[in-house]
Amino acid sequence: MDRDKPILAARDLGVSFLRADGSAVVALRDVCLEVFPGEFLCILGRSGHGKTTLLNIVAGLLRAQHGELRVMDRLVTGPGTDRGVIFQQDAVFPWMRVEENVAFGLRFRNITKRERLEIAREHLALVGLSSVARAWPRELSGGMRARVAIAAVFANDPPILLADEPFGALDYVTRRQLQAVLRDLWRRTGKTVLFVTHDVDEAMMLGTRVIVVKNGGIAEDRIIDLPMPRSDDDIATPEGLALKHLFLHHIGLE
Ligand SMILES: Nc1ncnc2c1ncn2[C@@H]1O[C@H](COP(=O)(O)OP(=O)(O)O)[C@@H](O)[C@H]1O
Ligand SMILES: [Mg+2]
């Protein structure tokens, strides 16, 4: 794939919603965005500023009222196998075993059930869950279910991964572990990731690039030129701290 050519291009995306009282709220205003192959793009912003709206348009779950979105030069009109969504931890099917959950997305492929389960088990191994492949989701912790969701989307092998605050409900240590799991799989596979978060530290830890979404627009767009994998010490450098303060300023903390 040509790394200099956007894998995803949004032009002038605009979305308004009608409130219950009949007034309109502009969720996105004229958003233009190009994402390049292999980027880990963090979409950062406070609650209510349009992050989910933007991600839902990219996922094909929501249509913009104006503007257009192209993925690999094709106009997006709905969901597609080129974009996989990492759902929040509780989006697993409780009536299927862990490995069946991971294999589920592969059911439309022209391969046997045995092969699907094999791919599922390979991906469970990559997220450190081999020992619970035959378990039921209810037997797992929230962090383990989040690993299942990651294994499932990587098993499907889409070039683009989308995640909307996937670790938001997890405790601090588990969240940090899951960030490392996702980062390592991203590095290993070279996929393009769009990752929504309201957490500046999470964006600094994961992003090769961070955009700040504010009042339905992109208020900041920065390449994070820090080592990857990244440590707290990498972020605590003058360069890292300057970026962190810039983002904190945008979300209104400084
Ligand atoms: N289905 C909807 N109906 C009405 N308003 C909505 C709807 N979805 C989002 N909004 C409004 O659009 C704005 C952006 O929402 P959203 O994209 O969910 O923000 P974020 O994900 O950053 O918290 C907010 O003001 C929100 O209340
Ligand atoms: Mg949201």
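Data for the structure
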{"item": "Number of the condition not met by ASP201 [criteria: (1) in a helix (DSSP H, G or I); (2) closer than 24 Å to PHE154 by Cα]", "result": "(2)"}
{"item": "Residue in region 140-159 that is outside any strand (DSSP E or B), more than 16 Å from ligand 1 (Cβ to nearest atom), of a type in the set (Ser, Thr, Tyr) and touching a Gly at 6+ places or on another chain (Cβ under 8 Å) present", "result": "no"}
{"item": "Cross-chain or 6+ apart pairs with Cβ under 6 Å, region 15-27 first and open to solvent by 50 Å² or more (accessible area, probe 1.4 Å) and part of a strand (DSSP E or B), then among the small types (Gly, Ala, Ser) and within 16 Å of ligand 2 (Cβ to nearest atom)", "result": "PHE17/ALA27; VAL26/GLY216"}
{"item": "Members of region 160-197 that are part of a loop (DSSP other than H, G, I, E, B), in contact (Cβ under 8 Å) with a residue 40 or more places away in the chain and surrounded by fewer than 17 Cβ atoms within 10 Å (Cβ to Cβ)", "result": "GLY168, ALA169, GLY190"}
{"item": "Segments classed as strands (runs of 3 or more DSSP E), wholly inside region 33-139, with at least 2 members that are open to solvent by 20 Å² or more (accessible area, probe 1.4 Å) and of a type in the set (D, E, K, R)", "result": "66-71"}
{"item": "Counted residues, region 227-251 - those being crowded, with 17+ Cβ neighbours inside 10 Å and closer than 26 Å to LEU54 by Cα", "result": "5"}
{"item": "Test: ILE251 is β-branched (Val, Ile, Thr), within 30 Å of HIS66 (Cα to Cα) and either without any contact (Cβ under 8 Å) to a residue 24 or more places away in the chain or away from ligand 1 (no atom under 16 Å from the Cβ) (or both)", "result": "no"}
{"item": "Close pairs from region 45-70: first among the hydroxyl-bearing types (Ser, Thr, Tyr), partner open to solvent by 30 Å² or more (accessible area, probe 1.4 Å) and assigned to a loop (DSSP other than H, G, I, E, B), Cβ under 8 Å, at least 6 apart", "result": "SER47/HIS198; THR53/LEU62"}
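The values are calculated or read from the model by the stated rules, or taken from the named source; none is laboratory data. None of these values were measured; they are calculated from a predicted model. Ideal geometry is used to build each Cβ from the backbone, glycine not excepted, and the neighbour counts take in all protein chains shown. Each accessible area value is taken on the protein alone, full model and side chains, heavy atoms only, with ligands, DNA and RNA left out. Shrake-Rupley method; radii C 1.70, N 1.55, O 1.52, S 1.80 Å.
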